[in-house]
Amino acid sequence: QVQLVESGGGLVQAGGSLRLSCAASGRTLNSINMGWFRQAPGKEREVVTAISWDGGITYLAESVKGRFTISRGIAKNTVYLQMNSLKPEDTAVYYCTAGFQVSDSSVTPPRYWGQGTQVTVSS
């Protein structure tokens, strides 16, 4: 069992930056893949980015490449999402996720989800 808690969401103007954080706890804490999904109003949840337990493998959606960066803390129980050059279309609830397979080209459906944090980008 894994518990995930996100923080760092808020309101930002287009072109601005935000950094999201996620704290994980529970079994397999140091050997679990983690990442971020998001859901905009009226849309399906979609994968944004993911990272392997050791940080060696990362996935980025094409829509955020060059703007977003995922990283893990030293203890591997935290994950961060640095979001730069934010656009109004990035507005969504962002969810920290864990328990999935990740490669540089795909992420399987996560087993664990956080409660979500709202990111709103104004034009």
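The values are calculated or read from the model by the stated rules, or taken from the named source; none is laboratory data. Here the structure is a predicted model, which means the values were calculated and not measured. Cβ atoms come from the backbone with ideal geometry, glycine included; neighbour counts cover every protein chain shown. Areas reflect the complete protein model, heavy atoms only, side chains present, ligands, DNA and RNA absent. Shrake-Rupley method; radii C 1.70, N 1.55, O 1.52, S 1.80 Å.
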Discussion item. Of the residues Ser52, Ser105, Ser85, only one is touching a residue at least 12 places away in the same chain (Cβ under 8 Å) and open to solvent by 80 Å² or more (accessible area, probe 1.4 Å); which?
Written reply: Ser105
Item to complete: Could you grab me the full set of residues in segment 40-49 that are over 15 Å from Arg111 (Cα atoms) and open to solvent by 60 Å² or more (accessible area, probe 1.4 Å)?
Response: Pro41, Gly42, Lys43, Glu44
Response to the item:
Given (1) in contact (Cβ under 8 Å) with a residue 40 or more places away in the chain; (2) surrounded by 15 or more Cβ atoms within 10 Å (Cβ to Cβ), Arg19 misses just (2)
Discussion item. For the list (1) open to solvent by less than 40 Å² (accessible area, probe 1.4 Å); (2) over 19 Å from Thr91 (Cβ atoms); (3) under 15 Å from the mean Cα position of the chain (by Cα), I need the number of the one condition that Val5 fails.
Written reply: (1)
Worksheet entry | Residues within segment 59-74 that are at positive phi and within 13 Å of the chain's Cα centre (by Cα), tallied | 0
Discussion item. Tell me yes or no: at least one residue of segment 74-94 is more than 26 Å from Leu11 (Cβ to Cβ), modelled with pLDDT under 95 and out of contact with any helix residue (DSSP H, G or I) (no Cβ under 6 Å at 6 or more places or on another chain).
Written reply: yes
Response to the item:
Filtering strands (runs of 3 or more DSSP E) wholly in segment 14-55 for at least 2 residues that are closer than 13 Å to Ala75 by Cα gives 18-26
Practice prompt. Keeping to segment 73-94, report how many residues are closer than 15 Å to Ser7 by Cα and not in a loop (DSSP other than H, G, I, E, B).
Written response: 9
Worksheet entry | Subset of segment 59-82 that is over 13 Å from Leu18 (Cβ atoms) and of a type in the set (Lys, Arg) - its residue that is surrounded by the most Cβ atoms within 10 Å (Cβ to Cβ) | Arg72
